[in-house]
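Chemist: Pasting a structure here, questions to come.
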Amino acid sequence: MNKLYHVLTLAIAMVSLLACDDRSGENQKSQTQIFVGAEVLTMDSTFSEVEAFAIAENKIVAIGIQQEVETKFGGQATIVDLTGKTVMPAFIDPHVHTISAAQNDIFEDVGLTKFDSIEQALNHMIQIGEKAKKGDWLLFVNLDFGTQPSSYDKLTAEMLDQVSSELPVFVFHAGGHIASVNSKMIDLMKITKETPDPESGGKFGRKTDGQPDGVLYGFAVMSALEVLDPWNQFDLDQGIKKVSNHWLSTGIGTMGDAGIGNTGDFEEFEKLSNYAKTESLNVRIRGYLSSSYDNEWNRRGYRVNTGDEKVRIVGYKLSADGSNQARTGLQREPYMGTNDYGLAYMSEDALYEYILDKSNKGFQMAMHGNGDAAIDNILSALDRAQADGATLIRPRIEHCSFVQDDQFEKFKQLGVSGSFLIGHVRLWGTAYKNSVFGLEKAEKLDRTGSFERAGIPYSLHSDAAVTTFSPLEMVQIAVMRETYAEPGYVLAPQERASREMALRGITSTAAWQLMSEYEVGSLEVGKLADFVVLDANPMKVSSNQIDQIHVLETWVDGQLKYRKLTD
């Protein structure tokens, strides 16, 4: 697997926009197209496989035995022979950050795939600083103390002043929950000893005298992004086109945006809607409003289902803690070799107040919980809210990294599902085992196997741009559970996912979590004609070959949006 958590360096040469594609032109001859000659995995409730399906305009109008489908439409339909390919519903990534993913090209990757240690990465940044000229911004991403060994325990402003003392330096750590800045950036941010920590969660790292040390935790990172000119002046239209085309090339038709407004842009929902209308954005978005800006959303009058089939609000995003690899995930027991339990971005009481209020207004709750103590807080808040009259609407825990055995029953009682950032296993599994938690707890990471045995629904997500794994790569990670740092090592084989449920985690279950199962996620009559054509069947290839399957075509709304160029 080559796609790790590097910044999106997208192979746009492999993506073709197909507004004028020959096959799309066939719609002018016939409103109905019948697809035959493929293994069609419907991902319906019985996991059925059929011979043929028909689409008209943007809907599936027939599916089943080829002869019956052809008979239904007589000789008026266009027949499309897929010559032995495999068809599935268009894939769904239920947790991404669309705007952030589009903007990530402004950063240079200094993560694990580039440098083996923090010292090597810092030396590289110093070399970049030596060549920089007046007016430059020195921006980096993916530095990771969890996977890149170091004699340091954090990256401070004093250290980054070696890169430049005159130009602004910003380093986004892997996972997006920590950043480091130099003294120039601290001045631009106007952060002082008196500056309070963000009310929305997180903190400014400080020296013993209370002055900022250049490390930003949680929502304190926003203070830096607000003054980052390349971030704020980015050509978002082009960025959206690029990332949308990339997602189409991996078979994605629908995304869940887990934090509308998290970039600090209150126009984000309107922008996404407009990009969809102008076809800069060709994937569907189901959005979750960031709870940090609740007053602004109330002022704008956003309600559940504001939007349309392309871009629509379905819920609220709450954050109970930070990131495990950054040691800001909230834990029951301290991190290995420390007395540090992580950070609670929101208290149980704050979670309860939001859940009670927003659930009774019809919003679904998507709640970020990485550490087991954060998940405790979420479950307790849900329990209290339900007891006080809240109607819980498919509550989902995001990332859901460390679920303990004693929490499963509460998941089931409250109807909670999980969405796993499954790339944790691949990228950070070894670090969790060796330096962050120890083997016993590391083996409880992303417990897809246990969720299946308990009958609890789950999906798989990339958290783009935290990781850039494609849906099929995520399925392979869930099924194999091999770590990047130790090739061949399987982290907790008992937690391997079944292939069927992993595939549902990027199709039907993901659609259900996004309140969109009546539209997408399976190939059934009446649903939107969103599907992918693959060169192999993911139920039949070897487990270690799932990520080698090529997406040949991606259709959204009955239109061919991507076709893989032939070699």
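Chemist: Within the range 107-145, which residues are open to solvent by 10 Å² or more (accessible area, probe 1.4 Å) and of a type in the set (Gly, Ala, Ser)?
Modeler: The answer is Ser117, Gly129, Ala132, Gly135.
Chemist: Separate question: Exactly one condition in (1) part of a loop (DSSP other than H, G, I, E, B); (2) within 28 Å of Ala320 (Cβ to Cβ); (3) polar (S, T, N, Q) is not met by Ser223; state its number.
Modeler: Answer for Ser223: the failing condition is (1).
Chemist: Select from the range 447-471 the residues that are within 21 Å of Met43 (Cα to Cα) and not small (Gly, Ala, Ser) and list them in ascending order.
Modeler: Thr448, Phe451, Glu452, Arg453, Ile456, Pro457, Tyr458, Leu460, His461, Pro471
Chemist: Surrounded by fewer than 20 Cβ atoms within 10 Å (Cβ to Cβ) and either on the phi > 0 side of the Ramachandran plot or not in a strand (DSSP E or B) (or both): is that true of Ser151 in this structure? Reasoning before the result, please.
Modeler: Numbers: surrounded by fewer than 20 Cβ atoms within 10 Å (Cβ to Cβ): yes; either on the phi > 0 side of the Ramachandran plot or not in a strand (DSSP E or B) (or both): yes.
Answer is yes for this residue.
This table checks each residue for (1) surrounded by 14 or more Cβ atoms within 10 Å (Cβ to Cβ); (2) among the hydroxyl-bearing types (Ser, Thr, Tyr).
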| residue | (1), (2) |
| --- | --- |
| Val163 | yes, no |
| His177 | yes, no |
| Met185 | yes, no |
| Ile191 | yes, no |
| Thr195 | yes, yes |
| Glu199 | no, no |
| Gly214 | yes, no |
| Leu228 | yes, no |
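Chemist: Touching a helix residue (DSSP H, G or I) at 6+ places or on another chain (Cβ under 6 Å), modelled with pLDDT of 95 or more and of a type in the set (Gly, Ala, Ser): is that true of Gly369 in this structure? Steps first, please.
Modeler: Values: touching a helix residue (DSSP H, G or I) at 6+ places or on another chain (Cβ under 6 Å): yes; modelled with pLDDT of 95 or more: yes; of a type in the set (Gly, Ala, Ser): yes.
Yes; evaluated as a whole, the condition is true for this residue.
Chemist: Continuing with this model, one more query. Residue check: is Lys193 in contact (Cβ under 8 Å) with a residue 12 or more places away in the chain, among the basic types (Lys, Arg) and touching a Lys or Arg at 6+ places or on another chain (Cβ under 9 Å)? Don't jump to the end; show me each part of the working.
Modeler: Numbers: in contact (Cβ under 8 Å) with a residue 12 or more places away in the chain: yes; among the basic types (Lys, Arg): yes; touching a Lys or Arg at 6+ places or on another chain (Cβ under 9 Å): yes.
Yes, satisfied.
Chemist: Which of the residues spanning the range 343-370 are surrounded by fewer than 17 Cβ atoms within 10 Å (Cβ to Cβ) and assigned to a loop (DSSP other than H, G, I, E, B)?
Modeler: Ser347, Asn360, Lys361, Gly362
Quick grid of which residues meet (1) open to solvent by less than 10 Å² (accessible area, probe 1.4 Å); (2) within 30 Å of Asp535 (Cα to Cα); (3) in a loop (DSSP other than H, G, I, E, B); (4) touching a residue at least 24 places away in the same chain (Cβ under 8 Å):
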| residue | (1), (2), (3), (4) |
| --- | --- |
| Lys242 | no, yes, no, yes |
| Leu248 | yes, yes, no, yes |
| Asp257 | yes, yes, no, yes |
| Gly264 | no, no, yes, yes |
| Glu270 | no, no, no, no |
| Asn274 | no, no, no, no |
| Gly287 | yes, no, no, yes |
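Chemist: For the range 278-324, what are the residues that are of a type in the set (Asp, Glu), within 28 Å of Ile178 (Cα to Cα) and over 17 Å from the mean Cα position of the chain (by Cα)? Talk me through it step by step, then tell me what you get.
Modeler: Restricting attention to the range 278-324, the residues satisfying the condition of being of a type in the set (Asp, Glu) are 279, 294, 296, 308-309, 321.
From the residues that got through so far, the ones that are within 28 Å of Ile178 (Cα to Cα) too are 294, 296, 321.
Within the range 278-324, Asp294, Glu296 qualify.
Chemist: Of the conditions (1) outside any loop (DSSP other than H, G, I, E, B); (2) without any contact (Cβ under 8 Å) to a residue 60 or more places away in the chain, Leu139 clears all except one; give me its number.
Modeler: Condition not satisfied by Leu139: (2).
Chemist: Can Val532 be described as open to solvent by 40 Å² or more (accessible area, probe 1.4 Å), at pLDDT 95 or above, among the β-branched types (Val, Ile, Thr) and over 23 Å from Ile313 (Cβ atoms)? Break it down stepwise before answering.
Modeler: Details: open to solvent by 40 Å² or more (accessible area, probe 1.4 Å): no; at pLDDT 95 or above: yes; among the β-branched types (Val, Ile, Thr): yes; over 23 Å from Ile313 (Cβ atoms): yes.
When the stated conditions are applied, Val532 does not pass them.
Chemist: Here's a follow-up. From the set of residues in the range 452-467 that are assigned to a loop (DSSP other than H, G, I, E, B) and in contact with a strand residue (DSSP E or B) (Cβ under 6 Å, 6 or more places away or on another chain), which is farthest from Asp257 (Cα to Cα)? Outline the logic, then answer.
Modeler: Pass one, the range 452-467, residues assigned to a loop (DSSP other than H, G, I, E, B): 455-457, 462-467.
Subset that is in contact with a strand residue (DSSP E or B) (Cβ under 6 Å, 6 or more places away or on another chain): 457, 462-464.
On the way: Pro457: 19, Ser462: 11, Asp463: 9, Ala464: 10 Å.
Per the stated criteria, the residue is Pro457.
Chemist: Still on this model: When you go through (1) among the aliphatic types (A, V, I, L, M); (2) open to solvent by 10 Å² or more (accessible area, probe 1.4 Å); (3) touching a helix residue (DSSP H, G or I) at 6+ places or on another chain (Cβ under 6 Å) one by one for Ala157, which number turns out not to apply?
Modeler: (2)
Chemist: In the range 468-490, which residues are buried (at least 24 other Cβ atoms within 10 Å of the Cβ), touching a strand residue (DSSP E or B) at 6+ places or on another chain (Cβ under 7 Å) and in a loop (DSSP other than H, G, I, E, B)?
Modeler: Residue satisfying the conditions is Arg481 alone.
Chemist: If you go through the range 289-303 one residue at a time, how many are within 17 Å of Gly362 (Cα to Cα) and either open to solvent by less than 40 Å² (accessible area, probe 1.4 Å) or assigned to a loop (DSSP other than H, G, I, E, B) (or both)?
Modeler: 8
Chemist: If we keep just the residues of the range 325-342 that are open to solvent by less than 40 Å² (accessible area, probe 1.4 Å) and at pLDDT 95 or above, which is farthest from the chain's Cα centre (by Cα)? Walk me through it before giving the result.
Modeler: Within the range 325-342, the first condition is being open to solvent by less than 40 Å² (accessible area, probe 1.4 Å), and the residues that meet it are 325-326, 328-331, 335, 342.
Remaining after also requiring at pLDDT 95 or above: 329-331, 335, 342.
Numbers: Gly329: 17, Leu330: 20, Gln331: 22, Tyr335: 25, Gly342: 22 Å.
Here the answer is Tyr335.
Chemist: Here's something else I'd like to know. Does the range 81-92 contain at least one residue that is in a strand (DSSP E or B), among the hydrophobic types (A, V, I, L, M, F, W, C) and surrounded by fewer than 22 Cβ atoms within 10 Å (Cβ to Cβ)? Talk me through it step by step, then tell me what you get.
Modeler: Going through the range 81-92, the residues in a strand (DSSP E or B) turn out to be 81, 86-89, 91-92.
In the following step, the residues that additionally are among the hydrophobic types (A, V, I, L, M, F, W, C) were identified as 87-88, 91-92.
Right, trim to surrounded by fewer than 22 Cβ atoms within 10 Å (Cβ to Cβ) and you get none.
For the range 81-92, residues in a strand (DSSP E or B), among the hydrophobic types (A, V, I, L, M, F, W, C) and surrounded by fewer than 22 Cβ atoms within 10 Å (Cβ to Cβ): absent.
The values are calculated or read from the model by the stated rules, or taken from the named source; none is laboratory data. Keep in mind the model is a prediction, meaning the values are calculated, not measured. FYI the Cβ positions are ideal-geometry reconstructions off the backbone, even for glycines, and counts take in every protein chain you see. Side chains are part of the model used for accessible areas, which takes the heavy atoms of the whole protein and leaves out ligands, DNA and RNA. Shrake-Rupley method; radii C 1.70, N 1.55, O 1.52, S 1.80 Å.
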